[in-house]
Every structure is written in C-alpha cells, then in structure tokens.
Amino acid sequence: MTKNDTFLKDIEAGLSQNPKYISSHYFYDKAGDELFQQIMEMPEYYLTNSELEIFSQQSEAIIESFQINPDEEFELIELGAGDGKKTLHLLKTLLEKSYRFKFIPVDISHNSLAVITERMEDLFPDLEIDPQQGDYFQVLDELFTSDRPKVILFIGSNLGNMQDEVARSFLHKIADHLKPNEKLLLGVDQIKSKDIVLPAYNDAAGITRDFNLNLLKRINRELGADFDLENFEHDPEYTEEEGIAKSFLKSTKKQSVYIKELGKSFEFAENELIHTEISRKYNDTILQNLIDDSMLEITHKFLDSKKYFADYILTK
Ligand code: AVI
C-alpha cells in the first residue's frame, strides 16, 4: 500500500465514523511543518520556551542524571528531532565536558533532518552525527543494533499527541529495547489551568487555526476533495480535570463534501465536529501509570521556573 493509499483509507474511515475523526499525524505536510514552526514562536505557545529554559539552564544536571561513564562512547538518539533548538544546549555541554558520543537524530521529514544536520555541523564541527530518516515507531528496532550505551530523547511533549494506550505501548516498546541503567529523557507538558493551556491552542494570530484547517487543504489537494475552508472553524477545548487539550474542526453549516479519489460524498450537520488532535498534559501519577510494569522508573524530574513543563529521566 502506498503512502497515499493509507491516507485515503484513513480519511474514508475517519469521516465515516461518528464522531468524525482525522489523525493529527496528517497535519505535517510541508505547509503543516512550517505552520508548526510558527506556532512555536507564538507568545501563547509556552511549551517550547518552557522546555528551552530547562535545557539552557539545567543541561549539566541533566547530563549528570544520565550517569554515563565519560570514557565510554555512547549514543544519544533523538526521536522526532525537529529543529534541534533545545537539544543543542545538551550537545554543547556534552562536548564541553569531553563526553564521547554519537548524536542520532531521527525524523520522518527529510527536510527537517537536513536542516538539523547542517545546523549542528555548523555549530559543532567536532560532533559525530548520524541522521536517520523514518517514522520513529517503525525504525525503533533498527536503532538498537549497536552495543553502545544509549540515551533516548523524546521531548517537546510529542507523547501528548498519542492516546494513552498508544503512549503506553510506545514507552513499553522503548523500555524493552533499553538495557539496565539506560535512560529515556521524556519531555512532557504538565497539567495546568485552562487560562494558560487553551490560548496555546488558540493563538490570537490564528496560526493554530490555519494549522488545523491545513488538514482540509491537504485533503483537497491530495485526494481531490472540495472542502470549503470558509465553512469550517478551528474549535479547541481543554478541561483541567481531564488534562487533555482537544482540537476539532467545526462545520459551520449543513453541507456535503465530495472526495474525488473516493468517488464519495460525506455529509456534515451544522456544528458537527471532526476531532483532529489530542495534546495530553501530564503529572507524575499519569506518567507512572503509563510506565507501570515496563521496568522504567522515574529517577529525575527537571522543571522550568514556572513549573509548566517537565523533562523526566526514566531509567531502566
Ligand atoms: C507537536 N505537538 C507536541 C504539538 C502539541 O502541542 O500538541 C502540536 C500542536 N498542535 C497545536 N499546536 C501545537
């Protein structure tokens, strides 16, 4: 099955179910990647700056928590490497302290990998870097072929875009691959009040709205659909009790949308929602629940000064 067949199949299944659903996985085409970069610059999107503060101010302590023998070469594997803005602080400190390591950024996007590789090579000519292209769910097995000790980075609250059951099996899969005492550095957003979280998913400049609506543009372009973007609204919600931000696209009127590649129309009632994303927020109990029976243990926790975001060290 080609990539486009899977897309088509997922859209057909998601728009046929009730409530309608499209995976946030499909946000990230070229335009979606660019919009996400812009979201990270928005004043409301506190996640990036909070984690950046942790990395820029606590890199030494984070590295100590890795408990790596400086004489032994290790591998620092970053899953979903993005632009590397936060990781560079860790790399800088590791190099200053003369650790011997190879940096392995893993990303599905060729473009992101090329950008991060060039950036890191420019900044750190001595850095050994071995980029790996692929979906980190799928390439996980291939990353664990060498005997060198490993530290896995999974930051940016990317875990939060997974349903809890998927997150649990992903963390368990990583745990299965790690050897005793190896680490996973997991960066996740913390549960906090609605007045802080909701604006992060509904910025005043409308970038997150465009990011959500870009999904419909993509379906129009790639699957020959006729979604009228004027007739759909970005509709995010968040409740502190649940700790999950959810994004929806709301049909502002009763309408029918035709998808040429499927030769089929889909009906929308006025105010009907398409669920497009979850962004889960965590606390220690929720995380502990996900790693129960995985052999992983929370051994350290690094917070920013506002306690908005946490980087956990999970040790096997
Ligand atoms: C990539 N991920 C962690 C972002 C988040 O916060 O859930 C994606 C995003 N969606 C809307 N704004 C940002």
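The values are calculated or read from the model by the stated rules, or taken from the named source; none is laboratory data. Remember, it's a predicted structure, so these values are computed and weren't measured experimentally. Here the Cβ positions follow ideal geometry from the backbone for every residue, glycine too, while neighbour counts run over all protein chains shown. Note: accessible area is taken over every heavy atom of the protein model, side chains too, but ligands, DNA and RNA are not part of it. Shrake-Rupley method; radii C 1.70, N 1.55, O 1.52, S 1.80 Å.
Table for the structure above
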quantity: Failed condition for Glu242, given (1) assigned to a helix (DSSP H, G or I); (2) open to solvent by 30 Å² or more (accessible area, probe 1.4 Å); calculated: (1)
quantity: Check on Phe36, closer than 30 Å to Gly263 by Cα and hydrophobic (A, V, I, L, M, F, W, C); calculated: no
quantity: Qualifying residues in the stretch 37-53 (those that are outside any loop (DSSP other than H, G, I, E, B) and of a type in the set (Asp, Glu)) - the one farthest from the ligand (Cβ to nearest atom); calculated: Glu53
quantity: Tally of residues being within 16 Å of the ligand (Cβ to nearest atom), touching a Ser or Thr at 6+ places or on another chain (Cβ under 7 Å) and β-branched (Val, Ile, Thr) across the stretch 246-295; calculated: 1
quantity: The stretch 214-229, subset open to solvent by 20 Å² or more (accessible area, probe 1.4 Å) and in contact (Cβ under 8 Å) with a residue 12 or more places away in the chain, residue farthest from Ser251 (Cα to Cα); calculated: Glu222
quantity: Number of the condition not met by Glu75 [criteria: (1) charged (D, E, K, R); (2) open to solvent by less than 20 Å² (accessible area, probe 1.4 Å); (3) farther than 27 Å from Glu53 by Cβ]; calculated: (3)
quantity: Selection from the stretch 230-272 of residues that are polar (S, T, N, Q), within 19 Å of Phe211 (Cα to Cα) and without any contact (Cβ under 8 Å) to a residue 24 or more places away in the chain; calculated: Ser251, Thr252
quantity: Counted residues, the stretch 257-297 - those being over 30 Å from Glu12 (Cα atoms) and not hydrophobic (A, V, I, L, M, F, W, C); calculated: 10
quantity: Given (1) more than 15 Å from the ligand (Cβ to nearest atom); (2) open to solvent by 60 Å² or more (accessible area, probe 1.4 Å), number of the condition Glu237 does not satisfy; calculated: (1)
quantity: Among (1) away from the ligand (no atom under 16 Å from the Cβ); (2) modelled with pLDDT of 95 or more; (3) open to solvent by 20 Å² or more (accessible area, probe 1.4 Å); (4) outside any helix (DSSP H, G or I), the one test that Asn202 misses; calculated: (1)
quantity: Matching option when the condition is within 20 Å of Gln37 (Cα to Cα) and not charged (D, E, K, R), among Tyr201, Tyr238; calculated: Tyr201
quantity: Identity of the residue in the stretch 260-295, in a loop (DSSP other than H, G, I, E, B) and under 19 Å from Ile244 (Cα atoms), that ends up nearest to the chain's Cα centre (by Cα); calculated: Lys281
quantity: Residues of the stretch 138-188 that turn out to be hydrophobic (A, V, I, L, M, F, W, C), assigned to a loop (DSSP other than H, G, I, E, B) and under 20 Å from Asp293 (Cα atoms), as a count; calculated: 2
quantity: Residue check for Asp33: in a loop (DSSP other than H, G, I, E, B), within 25 Å of Phe137 (Cβ to Cβ), in contact (Cβ under 8 Å) with a residue 24 or more places away in the chain and within 16 Å of the ligand (Cβ to nearest atom); calculated: no
quantity: Test set (1) open to solvent by 30 Å² or more (accessible area, probe 1.4 Å); (2) assigned to a helix (DSSP H, G or I) - Gly14 fails condition number; calculated: (1)
quantity: Condition broken by Asn161, with the remaining ones in (1) more than 16 Å from the ligand (Cβ to nearest atom); (2) modelled with pLDDT of 95 or more satisfied; calculated: (1)
quantity: Count of residues meeting criterion [within 21 Å of Glu72 (Cα to Cα) and either assigned to a loop (DSSP other than H, G, I, E, B) or open to solvent by less than 70 Å² (accessible area, probe 1.4 Å) (or both)] in the stretch 95-124; calculated: 11
quantity: Test: residue in the stretch 83-92 that is at pLDDT below 95 and of a type in the set (Gly, Ala, Ser); calculated: yes
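Matching residues to (1) open to solvent by less than 50 Å² (accessible area, probe 1.4 Å); (2) small (Gly, Ala, Ser); (3) touching a strand residue (DSSP E or B) at 6+ places or on another chain (Cβ under 9 Å):
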| residue | (1), (2), (3) |
| --- | --- |
| Lys30 | no, no, no |
| Met40 | yes, no, no |
| Ser56 | no, yes, no |
| Asp71 | no, no, no |
